[in-house]
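These notes are about the structure you will find just below.
The numbers here are math on the coordinates, done by the rules we state, and not lab data. Note that the coordinates shown come from a computational prediction; the quantities given were computed from them, not determined experimentally.
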Amino acid sequence: MTDQLPFQGPRKGECACGCGIFGSLGKRDHVRGCKCKQCLGRRNRAKGDAKARRARKMLNLHGANTRHEEHWRGALRVEVKAGAQIEPIYTRFLKAEKQSDQGAPIGDIRPFAMIAMPDGTTDGVVLMRLSQFSNLMLLIEDQHR
Ligand SMILES: [Zn+2]
Ligand SMILES: [Zn+2]
């Protein structure tokens, strides 16, 4: 005769980090929604990974499914940046795009690119919407087929 364990629901308890919240225990006995450094870091990494996967798919970059974007195969090396550090750049881009939209003739469907060229630089940096950029990449790929 074997002993059968009673059905166990999600384990509940106090968060292992000592933050004082009580609830279902997740990885390493931290409660979901815990705001300790470890948990925030893990959630941010998960978010970043999801974004990187999405970007890779949109750019049609095949290769190993890895967090290290530099290993992606394809015509392009990319580095996906997420989080607060990148918000000012994104906001600035949206502003420039809006400005360009307002000056563009009706029916102009050309993709928009913002070129960032701070004082003292001669080589600019290009910012584009991922969706428009991926269309552009597909065009280039088609030409090399
Ligand atoms: Zn906690
Ligand atoms: Zn935690």
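With a ≥ b ≥ c the root eigenvalues of the C-alpha gyration tensor of the range 72-124, is it rounded (a/c under 1.5), prolate (a/b larger than b/c) or oblate? Judged from the Cα gyration tensor, the range 72-124 comes out prolate (a/c at least 1.5, a/b above b/c). Determine the shape class of the range 94-145: with a ≥ b ≥ c the square roots of the Cα gyration tensor eigenvalues, call it rounded for a/c under 1.5, and otherwise prolate if a/b is greater than b/c, oblate otherwise. Note, shape of the range 94-145 comes out oblate.
For LEU25, enumerate residues with amide H under 5 Å from its amide H, sequence gap 5+ or separate chain, H modeled in the peptide plane. For LEU25, whose amide H was placed from the backbone, the distant partners under 5 Å are ARG11, LYS12, GLY13.
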